[in-house]
Every structure is written in C-alpha cells, then in structure tokens.
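The numbers here are math on the coordinates, done by the rules we state, and not lab data. This structure is a prediction, so every number in the text was calculated from the model and none was measured. Positions of Cβ are backbone-derived with ideal geometry, glycine not excepted, and every protein chain shown enters the neighbour counts.
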Amino acid sequence: MSTPVPGHVPTLQLTAPTVLVTFSGPDRTGVSSRVFSVLAEHEVEVIDVEQLVVRGRLVLSVLVTEPPDSAAFEADLATAGSELGLEVESVRGSGDNRPRRVGRSQVVVLGAPLMPGAMAALTRGINRLGGNIDRIVRMARYPVTAIRMEVSGADPDALQSELASIGHEHGTDVAVQEHGILRHAQRLVVMDVDSTLIQGEVIEMLAAHAGCQDAVAEVTDRAMRGELDFAASLHERVAQLAGVPASALDEVYENLCFTPGARTMIRTLKRLGYRFALVSGGFTQIIERLAADLGIDYFAANELEVVDGRLSGKVLGRVVDRAGKAESLRDFAEQAGINVRNTVAIGDGANDLDMLAAAGLGIAFNAKPLVRDQAQTSVNVPYLDAIVYLMGITREEVEAADAADRS
C-alpha cells in the first residue's frame, strides 16, 4: 500500500472510478472501526462517509476510490460483513457521488401529533420545487414531534412559501432556513412579551384593578388583529387606568405566568452564546424586572406615568409601536455587533409584523391569523422551547445540558 506524501493533497478527478460501499443491518459496537480497518488494507482514498442508526438498525456508506485489486477488496468486505452480521453492497461509479446542489436548506417540521399525510404532502411539495431530501433526522419526540430535513436543489424562499401553505392545511408547522455559514454565527433573539413570553396581557391585568378589564381586553384584541392603530389604542386603554395604585404593578408582576418552555428556551440558547432582547408594547415597570429575572441583555417598552403613588393614565415619551419594535430590533443588533440577518424575532400581534419582517427569521408564535399568514414561519404549538428545534438543537441535547447543570 502506498504511503501519502506529507503536504501533498490528492485531487480526485470528476471522472475517476469510485466504489460506494454500504453496510446495513443490526447496529453493534466497533462497526466503523472494523470497516475502516478493512479499507486501510487496500490503496483507496475516502471521499465521503454517511452513517445513520434508526432504532438499532445501521446504515453505513463509504465512497472510496477504485482499489487496485477489486477481487481481494470484495472478498475482504464480504468477510467483514459476515463477521459483523451485516449485509454489504458495492456500487461502482465515477467521481464524487453527489456534488452539492445549489439551494441548500434546513426544513424543520413540528407536529403534535405529526401525521404521515402531512409528511407525504410536504415531501411532494419539495419534489415539485426540484428539491432533493439529502437527510432526515428527528429533533424531538416530546412535547412535540420535530423532524429536520436537509434539502438541496430548491430555492429556500420558494420552499418557505410552498411548505408553509401545505403545513397550514395539515395542522403542521414548517420553518425553512438557508443552510449557509451564517446559520452557525451568534444570534440575537428578540421577543414580544404579552401572549408570547408570558401568558396574557399585562394591561388587562392592570385594568382588572380599575374594574374595566373587559373593555380594555376588547380594544387590545382589536389592536392585535390589526384593526386599530396601536399607539392610539394604547393611549385609549392606559387612560382607563388613571387612579390605579402603583402597587398594582408589583401585584401583577408577582402573578405573571410564563409561557410553557420559555425559561428552557432562554436557558438553552444562552448556553450557546445567544443574546436576548424584549421588545414590548407593554410597560417598562414590568419588562425591566422580567429582563433582570431572565438575564435578558436588552429591552424596550413604554413607561407608565406615576403621580403621587398612582397611575396618571398617561404614557411617557414615544410609544413602542409596530415601527418602534422593528427599529428596536435593528438597534439591539447593532449594539450586539450581530448581523440583522442573524436575528430571530418572535411575536403574536399585528404590531409585531414589521419586527418579524426585519429579522433574519421571523416566527409568529400562536399568532392572530393576519400575523400567521404574513410571517416567514409560524409555530402553533403551546411550547416556546419548540423554537430551539428551529435552531438545530435536539430535545436530547437540551435534556443532557440541563442534567449536566444539576450534577
């Protein structure tokens, strides 16, 4: 067998003969080392390797250059396969088996439950757009089923549009991200607060102290559906809070309920160096404390005026409205030194739409129909930590990291 020359990098000709060797059968310890030991006995180069284990069943494929002695090569492979209890197949071809095609995307599918009909429709949609599914892996089984597909050959924007529509028809959430180098860079996650990070609306909780919760809730709902100008509706609602003791803010804060999975999502992504920001049409007196409690890096919200220990019914300064949320996202990205294309925005209301559009990945979380239809990606399961699967993180990795912190 020839010895590689130090500093020499061999170049495989596109038409050079190759052999794709595939081992399949029950998984067991030492398969890979045994296979590569056999290959090491022959003068071949390793060009590509792929391995997958599903429920204890192994598929290991190795693409190598054509060996000088094909008969001895095949005999050694057969012997190894027999010893390992695996089937062996050899296919001859030329050059690299699969040059990377233009348009590589990561497609994540979320379902609770995930049904075969949804997967059939989604994979047909990928095929119609000229895409090829190179790999499929499971990201999570609980509390939702999350499946990631690596797709090549289709335009990512076209995939997002087509698959989101298909997913909606089948009650399944789909997110598409371009599979480029920026996917590995540090990210900034910008979140809405009311009905996203927390359950419910803070202004309605405060309105309960003024005896006008139902009236305020009706205006809030119309504003979130995009039927009212947000700034005008905020002034209208806040005016009804005049006279409420400022101590009500403390009471509301103590009774806030986080959306299931919120702390898990933040904890997991902060381990990876992600930055976080809160951008809210709510109130600084609440948002500032949330940011401190959760270790949030940046925040922007509206400030309620307090006079003699009571709410005056006025908001101080400029309202953080629909345009203000998008502006805040850009400002925070600049402060963090993070490309806007590497920001993630999460929200549920019409006042979040500009922010979702400005972000590299805009996610409508359990959103109003208007928002869901216009956002790049929609997540309609009630667990905020489902967002981590869109980032390429598996449930097993989350649980392992949490266990390591407890030990």
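Stokes-Einstein diffusion for the stretch 145-300 at 20 °C, viscosity 1.002 mPa s, with a Kirkwood radius from C-alpha pairs, works out to 117 µm²/s. Within a Cβ distance under 11 Å of L206, other residues only, what is the Lys/Arg minus Asp/Glu net charge? Once all neighbours under 11 Å are counted, the net charge is -2.
Compactness ratio for the stretch 265-398: Cα radius of gyration over 2.2 N^0.38 Å (N = residue count) comes to 1.11.
Coupling constants for the stretch 152-167 follow from the phi torsions by the Karplus curve (6.51 cos²θ - 1.76 cosθ + 1.60, θ = phi - 60°), and in residue order they are 10, x, 10, 5, x, 5, 5, 4, 4, 5, 5, 6, 4, 5, 5, x Hz; glycine and proline get x.
Averaged over all directions, how much area does the convex hull of the C-alpha atoms of the stretch 332-407 cover when projected, in nm²? Result: 6.2 nm².
Backbone N atoms of the stretch 363-407 closer than 20 Å to the 7 Å Cα→Cβ label point of D221 belong to residues 365-373. Of the three principal axes defined by the Cα atoms of the chain, the extents in descending order read 92, 48, 40 Å. Of interest is the spacing of the C-alpha centroids, which for the stretch 373-389 and the stretch 234-298 amounts to 20 Å. Share of Cα-Cα pairs in the stretch 204-244 beyond 14 Å, in percent? Cα-Cα pairs of the stretch 204-244 separated by over 14 Å account for 39 percent. Electrostatic tally near A300: other residues with Cβ closer than 10 Å to its Cβ, Lys and Arg +1, Asp and Glu -1, net -1. What angle do you read, to the nearest 10 degrees and between 0 and 90, between the alpha-carbon axis of helix 213-224 and the longest principal axis of the chain? That works out to roughly 50 degrees. Can you pull the percent of Cα pairs in the stretch 105-184 with separation above 20 Å? Tail fraction, whole percent: 23. Take the convex hull of the alpha carbons in the stretch 189-375; its mean projected area over all directions comes to 9.7 nm².
Converting phi to 3J(HN,Hα) with the Karplus coefficients 6.51, -1.76 and 1.60 and the offset θ = phi - 60°, the stretch 111-116 yields x, 9, x, 9, 9, x Hz in sequence order, with x at every glycine or proline. Here the 3J(HN,Hα) profile of the stretch 377-391, calculated from phi with Karplus coefficients 6.51, -1.76 and 1.60 at θ = phi - 60°, is 9, 10, 10, 10, 8, x, 10, 5, 6, 4, 4, 5, 5, 5, 8 Hz, Gly and Pro shown as x. Counting charges near T145 (Lys, Arg +1; Asp, Glu -1) among other residues having Cβ under 13 Å from its Cβ returns a value of +3. Neighbour counts of other Cβ atoms within 10 Å put L241, L316 in the fewest-to-most order L316, L241.
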